[in-house]
Structure formats: structure tokens, C-alpha cells
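*Asks:* First the structure, then my questions, so here it is.
The values are calculated or read from the model by the stated rules, or taken from the named source; none is laboratory data. A quick note: this is a predicted structure, and the numbers were derived from the prediction, not measured. Here Cβ is always computed from backbone atoms with ideal geometry, including for glycine, and neighbour counts include all displayed protein chains. Ligands, DNA and RNA are excluded from the accessible area calculation, which covers all protein heavy atoms including side chains. Shrake-Rupley method; radii C 1.70, N 1.55, O 1.52, S 1.80 Å.
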Amino acid sequence: MTDTDTRARVAAHVADNPGVYFSELVRQLDLAPGQAQYHLRRLDDRVVAADLYGRTHYYPPDCDAFERRALAVLRRETAADIVVFLLRNGPTPAAETAEGVGVARSTLEWHLDRLTDLDLVAKRRDERGRVTLVLEAPEETAELLRTVEPSLPEKLVDRFTRLVDRLLAE
């Protein structure tokens, strides 16, 4: 395979998987890390890199800054599960959302910090001060969600966090 073919594969993979992070790109394309770095550097007009939430993610150039951040967050299985839960159930109290998603309240809050910073989810308080979670733009958020599917390593990290949450709760 030529360098041009490899670069075309990398660019196509990023276009098909906006927000893919570096190690996942390496795994999915079966490239050596140095080889992936080499080709990504030469694709600066066709691939945009963004360091978000502790990882370097790659996007096609037509993704705006908001989409980059939103896709990076939604690639995390727990954040995606929170959004899916709210899409299915509508506005829901935070405690009920944590229970429905199967995470500790602290884990829910960690993901909500990112989701609320992006205005994907809003926290609304009722007259008694209880927090209800509401999707700000359900249709647009659902569309972003369809773009991503958490990778196996991402799923394993999130599931490990959930397991620890359950063990600590006992």
C-alpha cells in the first residue's frame, strides 16, 4: 500500500467517524502509532485535530467547534446513555436519570458538567429546588448521537466506572 493510499484511508476513516481519537484510529486502521502520526500531519487540509477532554480527536474540516466538542463528549458511552435516556423519557429528575442509566450520582454529574457546558442538557430546578434534566435541542442532539458509536475501549472504561460505582454503593 502506498503512502497516498494510506493517507486516503486515514482521511476517509476520519470523515466516516468524526471525533475518532488517536488510539482508536490506530487500532481500527491497524497502523503503527508513528505511521498514523506521519499521515495525520500530512493531512492537515483534510483532517482537523482537537485536544478535548484528555484525548486528541480528529474531524473532517467541515465540523465546527461546537460539533467537535459535542462529538467528543458523546463518544463516551455514559454521556451517550444519559442523552438516550433523556430522549426516551423526556425531562427527568437527576436522581432518576442516574438510576435509569445505572451510574452513581457523582458519575452522572461528571458527564452532566460537559453536557451542560455544551448546552446539550439543561438543569432546571422546580419550586422545591429539585433538579430536572432537560435536553435543550432534542432533534439536533439525536442527530449528533447518530454520528458516534463508542469504541470498545471507551465502553470498557465507562463500564468499569459503573462497576466501581455499584461496588462502592454496596
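*Asks:* Testing the spin-label approximation: label points 7 Å from Cα along Cα→Cβ at Q28 and R125. State their distance in nm.
*Replies:* 4.1 nm
*Asks:* Relative to the longest principal Cα axis of the chain, at what angle does helix 33-42 sit, 0 to 90 degrees, rounded to 10?
*Replies:* Long axis of 33-42 versus the principal axis of the chain: about 80 degrees.
*Asks:* Oh, and also: Rank by packing, highest mean first: peptides 73-82, 131-140, 8-17, with packing defined as the count of other Cβ atoms within 10 Å averaged across residues.
*Replies:* The most tightly packed comes first, giving 73-82, 8-17, 131-140.
*Asks:* Here is a follow-up. What are the residues whose amide H is under 5 Å from the amide H of V103, where those residues sit 5 or more places off or on another chain and H is modelled from the backbone?
*Replies:* Residues meeting the amide H criterion: none.
*Asks:* If I take R0 = 22 Å and measure r between the Cβ atoms of D51 and D117 in this structure, what FRET efficiency does the formula 1/(1 + (r/R0)^6) give, to the nearest 0.05?
*Replies:* Computed FRET efficiency for D51 and D117: 0.85.
*Asks:* Tell me, what is the per residue accessible area of the chain in Å², probe radius 1.4 Å?
*Replies:* 55 Å²
*Asks:* Can you give the extra length, in nm with one decimal, that the chain gains between A142 and D64 once fully stretched, where that is 0.36 nm per residue apart less the Cα-Cα distance?
*Replies:* Taking 0.36 nm per residue and subtracting the Cα distance, the gain is 26.4 nm.
*Asks:* If you don't mind, another one. Per residue of the chain, what 222 nm ellipticity follows from adding -39500 (n - 2.57) for every DSSP H run with n ≥ 4, rounded to the nearest 500?
*Replies:* Result for the chain: -19000 deg cm²/dmol, rounded to the nearest 500.
*Asks:* At q = 0.19, 0.22, 0.24 Å⁻¹, work out log10 I(q)/I(0) for segment 1-104 with the Debye formula, treating every Cα as an identical point scatterer and leaving solvent out; two decimals please.
*Replies:* Log-scaled intensity ratios, in q order: -0.89, -1.07, -1.20.
*Asks:* Beyond 16 Å, what share of the Cα-Cα pairs of segment 1-57 is found? Please give it as a whole percent.
*Replies:* That tail contains 33 percent of the Cα-Cα pairs.
*Asks:* Ignoring any ligand, DNA or RNA, what whole percent of the accessible area of the chain comes from carbon and sulfur when the probe is 1.4 angstrom?
*Replies:* The nonpolar share, carbon plus sulfur, comes to 50 percent.
*Asks:* Then there is this: Determine, from the Cβ-Cβ distance of L87 and V164 and an R0 of 30 Å, the FRET efficiency 1/(1 + (r/R0)^6), rounded to the nearest 0.05.
*Replies:* My answer for the efficiency is 0.70.
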